[in-house]
Amino acid sequence: MHSTATVPAASPWARLHGALMPDYNRKATAYWWTMVAIGLMTLLHCAGQVAQLPRVALLQVLAGAAIATFAGFFPVRIPRSKNSFAAGEIFIFLVLLLHGPAAASLAAAGEALVGSWRTSRRWTSRIASPAMAVVSMFLAGSLLQMGVDMLRSRGWYNDGLLMTAAMLFSLAYFVLNTLLATLVIHLKRNQPMVLREVVSNFGWVAMAYAGSASVAGLLFLTVGQSGPGVLMAVVPIVGMLLTTLHFFFRQQEADEAMRRGRVEAAEREAAQSALHVQALEVSEQRFHSAFTHASIGMALVSADGQVRQVNRALIGLLGADETAMVGQPLEALFHEGDAETFASLLARVQRREVDAINVELRCRHSDGSDVWVALDGSFFDNPSAEASNLIVQMQDITARRSAEARLQHIAFHDSLTGLPNRSRFHEHMARAIERVQADPQRRFAVMFLDFDRFKLINDSMGHSAGDAFLIQVARRIRDNVRPGDVVARLGGDEFAVLCEDLEREAHAVTLAERLQLVLGEPLQISGTEISTSASIGITFSTIGYQLPEEVLRDADIAMYRAKAAGKARHALFDAGLHQQVTDRVRLEGELRRAVEAGHLSVAYQPLFNLASGKLTGFEALARWQHPVQGLISPAVFIPIAEETALIGPLTDFVLDAACRQLKLWQSRSAAFAGLSIQVNVSGNDIAHSAFAQRVTRAIVAARLQPNHLTLELTENVLMDRVDGAVDTLTRLRDLGVGLSIDDFGTGYSSLSYLSTLPIDSLKIDASFVRGMRNGSKEAEVVRAIVTLGASLGKSVIAEGIETESQFDQLRGMGCESGQGYHLSRPLAVENVELLLDRIETERWTVQHGQAPRPVLHH
Ligand code: C2E
Ligand code: MG
Ligand code: MG
């Protein structure tokens, strides 16, 4: 019948079973109850028997049971097994031998109760264990008693056999107890019993039982011989022995546990670090992804500088493939010059002197070009590697670097030739000077080159031809110096060469000669062949320079000397030249002070009308009486004044003094009222825009008539500045001031200019006068100048008349006036006054004799 199956309501019995012994199957349950029942009955039986014992024996039984039970608290654990052996067995066995199986069974029950109570939490075990112990002990003990009784009855009893019997008993007890205990487990698991397993499991316990039994046997025998009092001494000893064993094994166990604990902790740690590694792996993956995809070039480098890994950006940056980079030293990526810099920085980081590397250096691109990178490198500790790694980032800064380099180049190079310019050359020289100062064994030479015909090319062919010329000669110079030499363009057609580490000074001369040779070869410029030449001045570090300016100045001076010696030459700046230069520098200072302090004076050289012999005026000539050197020639100090802007104040001084002086002399008498004064002015003066004003001021201050003043300009000065000077000259002419060309015939005045310029007179140069002889070339020139003057309407003056013959010839040619030592030397003011006195009193003229002597100046 298929009706709804209902679970029968669990009986109270079943519920109790479920609560207490859920793992006990039917067989096991049956066994358990049977065992407990038999145990209980045996216990009751034994208790009944023991109760009949005499009091002393009862006390002994109780004491034995107590000791056995107490010993259960100190089990001796058999190392590395779950089994333990309670020393209480000895006393149980002793009780057995002394008082029979019933007493021993009670003691065994007590001991088992305590033992199972300690070792198991289950009531089933706590109840079954004592029951099994009672049963086993009672059975085994009864067997022993039967055996001993039989031996006694047969008269075979002796100590040895007793011991053997006790051992056999213990075995039986063990087997029984174990069988009973194991049986329940096997029933629960539904497994058949295997004796071998039982023996192997409990082998140790069996041995312990046998030991206990023998000890108990020995104790029993001792009691038999010496009475029960001996137990008082032996029991504590045995107790102590067992306690010691108990603690010894406990300690061992603890050590074992600790060791196990440590192993476990280590295992745990390992597990944890596995987790950590996992986390690291994640972060490493993240890093790796960042590394690979970064737009900036990156490399991982081992502590010894070997490239481990590179990213795509770096591969792109250097154009090299990965395999060529990985495994190489990082330095191999750099430009040779920079590899060393990097290596020293790396060493510093490795020594932990600095934390990181920040440097800009050049890498080599696979196409051979240089790539500038900003490199940042820092160490990080790599957990998976012994040493730390270097992570290097490289950013391409080539564009910025080349822009900087371009700017730098523009600032320090000549745009036309690409050569270093003056500032750069100064830098090079400053460094060369430092090196020589640090090591006097080293020496350098500086050459100053100037082309002899550059101005002509520029003027006649135009500036682009001039540029082409400069570019070509620059190349020739550069191609012919030594590799380390520095060639610079200082400006215009001036070039300089710095030759360092010269073995001998003669090598610089050889180089100069070679340069002159190659620069002397014709050049092709705009289809025209042009030949040129260079003048070279050379100076050496042995002079002992402190400043680059000094070096260039001396090379320049030497170059001028070469030019003066006839162009296309070289000249060395020597110690003599050096002395000249220093003298000149000193003189400059002294001249400045003399001009400022008004220590110059003026000498007056009389001018005469050659036909009448009458005094017409004077030429004012500047004089400098040097406190040490004496009188210094204007031929020396006028050029210095012209170069140092001292000429302005000097001209003003002479102009003022001469105008005032003349006015004084004119005022002496009517005969002198028509005297005039000639004042020399330099090219720099007429270039000065306020010059006409300055002249006006001098005339007005002296209250002189303008037509009594004549300004002398040398022919070359006039022609060089003709365009700029015409204005000033015209204004002076309008003022009424006379203008004269000094040293006429030595320059290259063009006749067209002569006719248009506002000039009043021509002063024939002394060199022609000196060379005048009948029929001489000079005499012809003088004659031509006199004729020219007459045709242009300009008066002609002769200077440097030293002899009567010259005087006569000039007068014969119709030269209007003249000056010279033959007529009068330049005179100091006092001597002019003596002359004027004579003219006044004696009506003196040059026809009547020489001018008064002695003269103070010349
Ligand atoms: P210069 O203007 O041609 O002056 C004539 C020079 O010839 C003077 O030389 C004079 O002393 C000299 N001399 C005159 N007669 C004879 C003679 O018979 N034989 C010889 N051998 N020499 C004679 P000094 O005084 O030495 O002046 C030289 C030059 O210095 C002048 O040549 C002139 O160019 C310049 N100079 C002199 N004073 C001044 C000045 O105040 N300003 C400027 N700018 N230049 C001046
Ligand atoms: Mg003159
Ligand atoms: Mg002159």
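The values are calculated or read from the model by the stated rules, or taken from the named source; none is laboratory data. It should be emphasised that the depicted structure is a prediction, and the values quoted were computed from it without experimental measurement. Cβ: placed from backbone, ideal geometry, glycine included. Neighbour counts: every protein chain shown. Only protein heavy atoms, including side chains, enter the accessible area calculation; ligands, DNA and RNA are left aside. Shrake-Rupley method; radii C 1.70, N 1.55, O 1.52, S 1.80 Å.
With the contact rule set at Cα under 8 Å and sequence spacing of 6 or more, what percent relative contact order holds for region 585-847? Show your work: numbers first, answer last.
Details: 428 pairs, mean separation 50.9, N = 263.
Relative contact order comes out at 19 percent.
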Could you check the simple spin-label distance between LEU245 and ALA343, using points 7 Å along Cα→Cβ, in nm with one decimal? 7.7 nm
What is the count of Lys pairs in the chain whose alpha carbons sit under 15 Å apart, if the two are 8 or more places apart or on different chains? 4
Charge-dipole axis of the chain as Lys and Arg at +1 and Asp and Glu at -1 on Cβ define it, positive-most pick from TRP844, HIS599, ALA166: ALA166
Return the calculated 222 nm mean residue ellipticity for the chain, to the nearest 500 deg cm²/dmol, obtained by summing -39500 (n - 2.57) across DSSP H runs with n ≥ 4 and dividing by the residue count. -19500 deg cm²/dmol
Per q in 0.12, 0.15, 0.16 1/Å, what log10 I(q)/I(0) does a Debye calculation on the alpha-carbon atoms of region 19-226 return? -0.60, -0.93, -1.06
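What is the extension gain from ALA14 to ASP149, computed as 0.36 nm multiplied by their sequence separation minus the C-alpha to C-alpha distance, in nm to one decimal?
Values: separation 135, 0.36 × 135 = 48.60 nm, distance 4.77 nm.
Stretched out fully, the ALA14 to ASP149 stretch lengthens by 43.8 nm.
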Can you compute the FRET efficiency between ARG260 and LEU280 using 1/(1 + (r/R0)^6), with r the Cβ-Cβ distance and R0 = 30 Å? Round to the nearest 0.05. 0.55
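Determine the share of the chain's accessible area contributed by carbon and sulfur atoms, expressed in whole percent, with a 1.4 angstrom probe. Before the final figure, lay out the partial values.
On the way: 25260 of 44450 Å².
Whole-percent figure for carbon plus sulfur exposure: 57.
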Pop a pseudo-label 7 angstrom from the Cα along the beta-carbon direction at both GLN306 and SER415 and give the gap in nm to one decimal. 5.4 nm
What does the extension gain come out to for ILE543 and ALA687, with contour length at 0.36 nm per residue minus their alpha carbon separation? 48.1 nm
In whole Hz, what ³J(HN,Hα) sequence does region 699-710 give by Karplus (6.51, -1.76, 1.60; θ = phi - 60°), x for Gly and Pro? 5, 4, 4, 8, 6, 9, 7, x, 6, 8, 10, 10
For region 708-780 and region 203-245, write down the distance between their C-alpha centroids in whole Å. 157 Å
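Could you calculate the FRET efficiency of LEU456 with ASP574 from 1/(1 + (r/R0)^6), where r is the beta carbon distance between them and R0 is 30 Å, rounded to 0.05? The partial results should precede the final answer.
Working: r = 31 Å, r/R0 = 1.02.
According to the calculation, E is roughly 0.45.
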If amide H atoms are built 1.01 Å from N in the plane of the peptide, which residues on other chains or at least 5 residues away come under 5 Å of the amide H of GLY617? LEU607, SER676
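How much accessible area per residue does the chain have, in Å², with a 1.4 Å probe?
Values: 44450 Å² over 858 residues.
About 52 Å² of surface per residue is accessible.
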How big is the Kirkwood radius of the chain, worked out from every pair of different alpha carbons and given in Å to one decimal? 41.9 Å
How much accessible surface does GLU780 have with a 1.4 Å probe, in Å² rounded to 10? 100 Å²
Dipole magnitude of region 415-573, debye to nearest 20 (Cβ charges: Lys/Arg +1, Asp/Glu -1, about Cα centre): 100 debye
SASA check, CYS499, accessible area w/ 1.4 Å probe, all protein chains in place, rounded to nearest 10 Å², comes out at 0 Å²
Would you pull out the residues with amide H under 5 Å of ALA87's amide H, same chain only if 5 or more places away, H placed 1.01 Å from N? VAL76
Need the full-extension length gain, PHE380 to GLU840, defined as separation in residues times 0.36 nm minus the C-alpha distance. One decimal, nm. 154.5 nm
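What relative contact order, as a whole-number percentage, does the chain give when Cα pairs under 8 Å and 6 or more residues apart are counted?
Working: 1240 pairs, mean separation 47.3, N = 858.
Normalised by residue count, the contact order of the chain is 6 percent.
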Nearest 5 percent is fine: what portion of the DSSP beta bridges confined to the chain is antiparallel? 75 percent
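Counting each pair of different Cα atoms once, what's the Kirkwood radius of region 265-405 in Å, rounded to one decimal?
On the way: mean 1/r = 0.0615 Å⁻¹.
The answer is 16.3 Å.
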Taking 7 Å along the Cα-to-C-beta vector as the label spot, tell me the ALA645-LYS777 distance in nanometres, rounded to one decimal. 4.3 nm
Say the dipole of the chain comes from +1 at the beta carbon of Lys and Arg and -1 at that of Asp and Glu; which of MET137, SER612, ALA210 then lies farthest toward its positive end? MET137
